[in-house]
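The values are calculated or read from the model by the stated rules, or taken from the named source; none is laboratory data. Keep in mind it's a predicted model, so treat the numbers as computed, not measured. Please note: Cβ atoms are built from the backbone with ideal geometry, for glycine as well, and neighbour counts cover all protein chains shown. Side chains included, ligands, DNA and RNA excluded: accessible areas come from the protein's heavy atoms. Shrake-Rupley method; radii C 1.70, N 1.55, O 1.52, S 1.80 Å.
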Amino acid sequence: MHPQLTSASSSTSSPSDRRLSALVRHLTGSSPEIDSQSILSASPTSGFHGDSVFSHIVRAPEDPILGVTVAYNKDPSPVKLNLGVGAYRTEEGKPLVLNVVRKAEQMLVNDRSRVKEYLPIVGLAEFNKLSAKLILGAESPAIRENRVTTVQCLSGTGSLRVGAEFLAKHYHQRTIYIPHPTWGNHPKVFTLAGLSVKTYRYYNPVTRGLNFQGLLEDLGSAPSGAIVLLHACAHNPTGVDPTFQQWEQIRQLMRSKCLLPFFDSAYQGFASGSLDADAQSVRMFVADGGECLVAQSYAKNMGLYGERVGALSIVCRAADVASKVESQLKLVIRPMYSNPPIHGASIVAIILKDRNMYNEWTIELKEMADRIISMRQQLFDALRARGTPGDWSHIIKQIGMFTFTGLNKEQVAFMTKEYHIYMTSDGRISMAGLSLKTVPQLADAIHAAVTRVV
Amino acid sequence: MASALLSSLAAASAPPSASLSPREINKMKLNLPCTSFKNSSIKTKSFGRIRMVATTNVSRFDGVTMAPPDPILGVSEAFRADTNAMKLNLGVGAYRTEELQPYVLDVVKKAENLMLERGDNKEYLPIEGLAAFNKATAELLFGADNPVIKQQRVATVQGLSGTGSLRLAAALIERYFPGAKVVISSPTWGNHKNIFNDARVPWSEYRYYDPKTVGLDFEGMISDIKAAPDGSFVLLHGCAHNPTGIDPTPEQWEKIADVIQEKNHIPFFDVAYQGFASGSLDADAASVRLFVARDMEVLIAQSYSKNLGLYAERIGAINVVCSSADAATRVKSQLKRLARPMYSNPPVHGARIVANVVGDPTLFNEWKAEMEMMAGRIKNVRQKLFDSLSAKDKSGKDWSFILKQIGMFSFTGLNKAQSEHMTNKWHVYMTKDGRISLAGLSLAKCEYLADAIIDSFHNVS
């Protein structure tokens, strides 16, 4: 990664130049950039005259996804609508903390024996075991045979980063193939971890569905052993998932080329409403005895966004390999943040291990998933009622929190400017941010954008 | 057979903590088929007939070797495994009560109850963390009326305790000061080197600890900082140096600041014990404030693990004091850009606790009292240990360094073999560099520990 070394002054900002100019300043006792402002602000006794060692650092743009909320917050309009970041909203447009989560938190606070000692580097043991069972299935042979190492990480992002750093250090193939398009943060996570990123075709804008042929071709021509990022379900941003049969073909192709699967599972239970159904792709790969990585997030399905709870599981061929892999994962984690935060993981562990609370959770989870599915239907019906040009059936075919509308950048900008609707510039909208009340507004905006902006 | 080949290769060529090189692994892979297929069909309930493809027995991770346990955190693991009744854990720096129990501060419990009653939501924090926390943490560090705060010249980003904040700063250095070196004290906290290694920031050491005086090698420190290339980052412990417990005097801090300014170095503070060292938040921040008052640009990593007992919540911050508000804005934006691909945004729980405690005058005062209590207990334990050592040791050795050192740790001067003897014979767990955590010591155990130290010191070399 090369920094943006634009210079704030006439000199270049290489370290030796900086050192040279520092030396000159030291010798002559003057700063080349003394202006009235710096003379006024520097105290009479300071030896430092307004030149910053950070002058060459430029301002970074806002994150394209999280920046949508920043822009939304700045908007004074009373009718503004935030369909940017994927955080669930109730019908009233409010964030939701699950009842079962509140219950678990109350238990934590009431328990006087609880302490805040450092977790082990790999995190809360109980949480790790339960997370592996959740994604792989309680009866998974891989778990029974101790072939899985699971480490608690900071939600999905942290799990991906730790997994990628591990692969960059210990795996012989340092290329990862990611679908096009994919979550905006994926390429940065992998690049900073030391992997090189390539893409495989995924989305077909004409059909607004899966470009399966392109996917097979691109994975088929990947070098043997390459890492492949797969969205376990509810592909972000498109909402387009392979069918079961297509997953099986992908699996066969990948195994024949020794491609290493790295699953990103951020929506288990949230996509279809069923935890098991949403884990099928992962379990299919594990069932054939092969190896894979899985990054899990509890941000959406347990509404624990800000607590940063997730887990990285690495399924290995043998128990002793899993054990060694775990020891090396610790060496990645220790210099990054030492050990993970306890609060969110404790909540998850309480819920997963208690049968009643687990059942309560599945009910609340299904309610969230169902509300989103109904919003899809509402939006589709509203567009059809307006006679909005185009085929909008992809809205009800796609799955998960997001809809890839197919709107272009200009249309998106139009909707933000004229209708105060906030979304990412790739045309992705978060269905979780819609309600019965706001669907008409969105439908009007889409209709206007499609008919007035090309 | 394939696995045997791989294991023997692994044993022959790999150093203990490294894995096989990619070239070695590739060579092996060339000799093996990518996959050997065994097709079988299995009937399952949900899916009908599936064709299962079994792949080769070789793991892609066969070349991964077992890493050694963490030298600090591994001590607690070993302690837990010990069944001896006299065992004492003086390894990791986590505060213990006189009864040697972990301690959750009363103000923390109160804050958590408040948070639950209020029904706070769990939405994502901004990448830079909780605004109320960032404001509170900067004010705590610099003083609320410090000009750098009034002039908005501080970029503050919530980080994952001290480690995470240091890592963000290291990533900033790697990206924007390519080739710049960090100079760190010899010795220093064991994880510092790992952080800079993984962030790919080169480092070297400056002399710090003088084993002859069991004190600060000030001349060596100044000389080595002077010798570092202009524009190096100098890692300093704000107070309660870890592992030695030896801090510079105010006069020495002035001289350190002088030489840093002379060389246009950038001071980089690790502040993990503010309030915990002396019992006073302001006194423990004096070194940082001294540098800031000189209009220097400074990096400071903070942790609330010890002073608020929030170890497992992972709450801290990286602060960058810049010469202008504009620079601070730019630096903050780039810190965010480094945090996003690491963990997206930081955990909310610990940040809320800190914001609630610091933001409420009653809770804040209660916190100060609890902190004084914790620091006070450690001072008492130092005194008792010193008294026990002086009374029991007939050799005339000067043990007063125990009283002069400050903070959670004492650098005993025991070497590796002696430290191991402490564990093997006396079941006293400590790190191999001779560091003991006084936070894990009770008054009741001081005499036992004194016996162990005297025995190890005099009878083992």
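A few points about this structure:
- Filter pass, B:Ser395 being on the phi > 0 side of the Ramachandran plot and either more than 8 Å from chain A (Cβ to nearest Cβ) or at pLDDT 95 or above (or both): no
- When residues of the stretch B:209-221 are limited to those that are under 24 Å from the mean Cα position of the chain (by Cα) and surrounded by fewer than 20 Cβ atoms within 10 Å (Cβ to Cβ), the one farthest from B:Pro187 (Cα to Cα): B:Phe218
- Single condition A:Pro261 does not satisfy, out of (1) within 14 Å of chain B (Cβ to nearest Cβ); (2) at positive phi; (3) touching a Gly at 6+ places or on another chain (Cβ under 9 Å): (2)
- Here A:Ala138 fulfils each of the conditions (1) surrounded by fewer than 21 Cβ atoms within 10 Å (Cβ to Cβ); (2) more than 10 Å from chain B (Cβ to nearest Cβ); (3) touching a residue at least 60 places away in the same chain (Cβ under 8 Å) apart from (3).
- Criterion: closer than 22 Å to A:Glu105 by Cα and within 11 Å of chain B (Cβ to nearest Cβ) - qualifying residue of A:Ile363, A:Ile347, A:Ile314: A:Ile347
Conditions (1) surrounded by fewer than 21 Cβ atoms within 10 Å (Cβ to Cβ); (2) of a type outside the set (D, E, K, R); (3) under 18 Å from A:Gly344 (Cα atoms), marked per residue:
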| site | (1), (2), (3) |
| --- | --- |
| A:Gly84 | no, yes, no |
| A:Tyr88 | no, yes, yes |
| A:Lys94 | yes, no, no |
| A:Val100 | no, yes, yes |
| A:Lys103 | yes, no, yes |
| A:Ser113 | yes, yes, yes |
| A:Val122 | no, yes, yes |
| A:Lys129 | yes, no, yes |
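- Scanning the stretch A:66-110 for residues that are part of a loop (DSSP other than H, G, I, E, B), facing chain B (nearest Cβ under 9 Å) and at pLDDT below 95 turns up A:Val85, A:Ala87, A:Lys94.
- If only residues of the stretch B:243-264 that are open to solvent by 10 Å² or more (accessible area, probe 1.4 Å) and touching a Gly at 6+ places or on another chain (Cβ under 7 Å) are counted, the one that is farthest from the other protein chains (Cβ to nearest Cβ) is B:Ile246.
- Residue that is nearest to the other protein chains (Cβ to nearest Cβ) [pool: residues in the stretch B:83-104 that are under 14 Å from B:Tyr311 (Cα atoms) and either open to solvent by 40 Å² or more (accessible area, probe 1.4 Å) or not hydrophobic (A, V, I, L, M, F, W, C) (or both)]: B:Pro102
- Within the stretch B:334-354, tally of residues that are part of a helix (DSSP H, G or I), open to solvent by less than 20 Å² (accessible area, probe 1.4 Å) and either within 7 Å of chain A (Cβ to nearest Cβ) or among the small types (Gly, Ala, Ser) (or both): 10
- If only residues of the stretch A:141-169 that are over 22 Å from the mean Cα position of the chain (by Cα) and within 11 Å of chain B (Cβ to nearest Cβ) are counted, the one that is most open to solvent (accessible area, probe 1.4 Å) is A:Lys169.
- Filtered by the rule that a residue be open to solvent by less than 10 Å² (accessible area, probe 1.4 Å) and at positive phi, the stretch B:144-182 gives a lone residue, B:Ser161.
- Apart from one condition, B:Asp62 fits all of (1) over 27 Å from the mean Cα position of the chain (by Cα); (2) within 30 Å of A:Val100 (Cα to Cα); (3) facing another protein chain (nearest Cβ under 7 Å); (4) not hydroxyl-bearing (Ser, Thr, Tyr); the exception is (2).
- Those residues of the stretch A:418-435 which are open to solvent by 40 Å² or more (accessible area, probe 1.4 Å) and modelled with pLDDT under 95, in sequence order: A:Ser425, A:Asp426
- Residue check for B:Arg314: open to solvent by 30 Å² or more (accessible area, probe 1.4 Å) and at the interface with another protein chain (Cβ under 8 Å from one of its Cβ atoms): no
- The selection criterion, being in contact with a Pro (Cβ under 9 Å, 6 or more places away or on another chain), assigned to a helix (DSSP H, G or I), farther than 26 Å from A:Met375 by Cβ and of a type in the set (A, V, I, L, M, F, W, C), does not hold for A:Met284.
- Scanning the stretch B:105-125 for residues that are more than 7 Å from chain A (Cβ to nearest Cβ), under 28 Å from the mean Cα position of the chain (by Cα) and open to solvent by 30 Å² or more (accessible area, probe 1.4 Å) yields B:Asp106, B:Lys109, B:Lys110.
- A:Gln411 being among the polar types (S, T, N, Q), within 14 Å of another protein chain (Cβ to nearest Cβ) and more than 21 Å from the chain's Cα centre (by Cα): no
- Of residues in the stretch B:355-387 being within 26 Å of B:Arg314 (Cβ to Cβ) and of a type in the set (Phe, Trp, Tyr), the one most open to solvent (accessible area, probe 1.4 Å): B:Phe364
- Those residues of the stretch A:252-270 which are closer than 17 Å to A:Tyr200 by Cα, touching a residue at least 40 places away in the same chain (Cβ under 8 Å) and open to solvent by less than 10 Å² (accessible area, probe 1.4 Å), in sequence order: A:Leu259, A:Leu260, A:Phe262
- Test: residue in the stretch B:280-302 that is surrounded by 21 or more Cβ atoms within 10 Å (Cβ to Cβ), in contact (Cβ under 8 Å) with a residue 60 or more places away in the chain and in contact with a Ser or Thr (Cβ under 7 Å, 6 or more places away or on another chain): yes
- If you filter the stretch A:170-192 down to residues that are within 8 Å of another protein chain (Cβ to nearest Cβ) and hydrophobic (A, V, I, L, M, F, W, C), you find that the one that is farthest from the chain's Cα centre (by Cα) is A:Leu192.
- Residue that is modelled with the lowest pLDDT, among those in the stretch B:199-224 that are assigned to a loop (DSSP other than H, G, I, E, B) and aliphatic (A, V, I, L, M): B:Val214
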